[in-house]
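K.L.:
First, the structure itself, so that you have it in front of you.
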Amino acid sequence: MKTKKALTLTKPDDWHVHLRSGEMLSKVLGDTATNFNRAIVMPNLSPPIKTTADAVLYKQEIETALIENSDFIPLMTCYLTDETDPDDLISGFKTGVFTAAKLYPAGATTNSDSGVTNVLLLDSVFSAMSDAGMPLLIHGEVVDHEIDIFDREHKFIELVLEPLRNRHPNLKIVFEHITTRSAVEYVKSGQPDKLAATITPHHLSVNRSDLFAGGVRPHLYCLPIPKKEHHRVALVEAACSGDKRFFLGTDSAPHLIEEKESACGCAGIYNSPNALQTYIAIFEQNNALDKLNSFAALNGPEFYNLQVNTEEVCFIKGANPTSFDDVCVGDSRIKAFAPPFPLFWTVR
Ligand code: NCD
Ligand code: ZN
């Protein structure tokens, strides 16, 4: 009998996830908490998590929603605004409440209305973060609607990120959910302990044509928007290279089905149930399964100066594709990400 293919990984962490709050949190949390040991929890709630006190309460809400004996660790982030108080931010970091701070350019994405209108206003905040060694996580898109949606990440590098890094060369930065070849190249030009990037399962699997395959596909719509195929290929090469500057961040972002399937559908893909299986498929397709552990479990902790997890998780390749259920929330549901290829791996 043919032996089943198996794969053992160090238990991964998710370095970018949206857990939401209230009933939605209680329904989605399990998918993250069973698959990952830790997760960087995004602060774009409505209202956002803007102070240390907000983060203490939000962390308690997450911990209360966990099933008994779960050892999942939420790592909290602060939503930067034009009014962020550097003293509160740094004290939140030094006391271990915050792991990082998130920069949303105002208007760039879901719940970013209270985000930063001009990064120059935050120079004193960035200096304080740089001195403290607190990582800055960036949604890297310009918000100028004169700039084509497919060019907003590329332009951000030249107009915002490069000048910001020149003003704060010691600031630790994660360029979140990168989608372009320019972002890959830019990150590779930096020092590994100062500049890194997360890459999502959907940006590794989907290009912009997939968004319109046979009709508009609201469940593939997210920000930054997926780009042309050659950009997707660059992301795959970066992830599969094992380069320590690139690591796993799902950007799993749940929305109710009626918010997605609408005349003005919102941005965000819910992939927590099958993110790991999708990453495995991508690394397997590219003969790079030997690099997956670095991407999924080693590179993130190294950048964040955290311990690597000790637990291991084993996956088995089945003969038939696995399906992943939608998540019910009240009378509605959240659709799980459907990559454009079958998924054969499951957790043993
Ligand atoms: C995210 C969300 O829904 O909160 N949406 C998305 O398309 N990725 C916000 C974000 O990370 O941009
Ligand atoms: Zn996100």
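K.L.:
Kindly work out what percent of the DSSP beta bridges joining two residues of the range 230-348 are antiparallel, to the nearest 5.
P.N.:
Here the share of antiparallel DSSP bridges comes out near 75 percent.
K.L.:
Determine the gain in length on full extension of the stretch K244-D148; use 0.36 nm per residue of separation and subtract their C-alpha separation, reporting nm with one decimal.
P.N.:
31.4 nm
K.L.:
Counting alpha carbon pairs within less than 8 Å and at least 6 residues apart, what relative contact order, in whole percent, applies to the range 201-270?
P.N.:
Computed value for the range 201-270: 36 percent relative contact order.
K.L.:
Something else: Between helix 229-240 and the chain, what is the angle of the helix's C-alpha long axis to the longest principal axis, kept within 0 to 90° and rounded to the nearest 10?
P.N.:
The answer is roughly 90 degrees.
K.L.:
I need the fraction of alpha carbon pairs in the range 19-124 separated by more than 16 Å, rounded to a whole percent.
P.N.:
In whole percent, the long-distance tail amounts to 57.
K.L.:
In addition: Quick one: helix 52-65 against the long Cα principal axis of the chain, what's the angle to the nearest 10°, folded into 0 to 90?
P.N.:
The angle comes out near 20 degrees.
K.L.:
Sticking with this structure for a sec: Which one of C264, T109, G318 is farthest out on the positive end of the charge dipole of the chain, using unit charges on Cβ (Lys, Arg +1; Asp, Glu -1) and the Cα centre as origin?
P.N.:
Value: G318.
K.L.:
With springs connecting C-alpha atoms under 10 Å apart, model the chain as a Gaussian network and identify which of A213, A65, A267 has the largest mean-square fluctuation.
P.N.:
A213
K.L.:
Quick check: the angle from helix 123-132's long axis to the longest principal axis of the chain, C-alpha only, nearest 10 degrees?
P.N.:
It works out to around 60 degrees.
K.L.:
Just for the chain, what percent of DSSP beta bridges are antiparallel, to the closest 5?
P.N.:
30 percent
K.L.:
Next question. Which residues in the range 88-123 have a backbone N closer than 12 Å to a point placed 7 Å from the Cα of D131 along the Cα-to-Cβ line?
P.N.:
90-91
K.L.:
Now, a different point. Could you size up the charge dipole of the range 140-266 around its Cα centre, putting +1 on the beta carbon of Lys and Arg and -1 on that of Asp and Glu, and report it in debye to the nearest 20?
P.N.:
Once rounded to the nearest 20, the dipole reads 440 debye.
K.L.:
For the range 5-347, take every pair of Cα atoms, bin their distances at 20 Å starting from 0, and report each bin as a whole percent.
P.N.:
Percent of pairs per bin, in order: 32, 62, 5.
K.L.:
Just how large is the dipole of the chain about the Cα centre, in debye to the nearest 20, putting +1 at every Lys and Arg Cβ and -1 at every Asp and Glu Cβ?
P.N.:
Using only the charged Cβ atoms, the result is roughly 1240 debye.
K.L.:
Could you name the lysines in cross-link range of K59, using Cα to Cα under 21 Å and dropping any fewer than eight places away on the same chain?
P.N.:
K27, K50, K94, K102
K.L.:
Kindly state, to the nearest 0.05, the FRET efficiency for A6 paired with T310, given R0 = 25 Å and r defined as their beta-carbon distance.
P.N.:
Once rounded, the FRET efficiency stands at 0.80.
Every number here is computed from the coordinates shown, using simple stated rules; none is lab data. Remember, it's a predicted structure, so these values are computed and weren't measured experimentally. Here the Cβ is made from the backbone with ideal geometry for all residues, glycine too, and neighbour counts use every protein chain on show.
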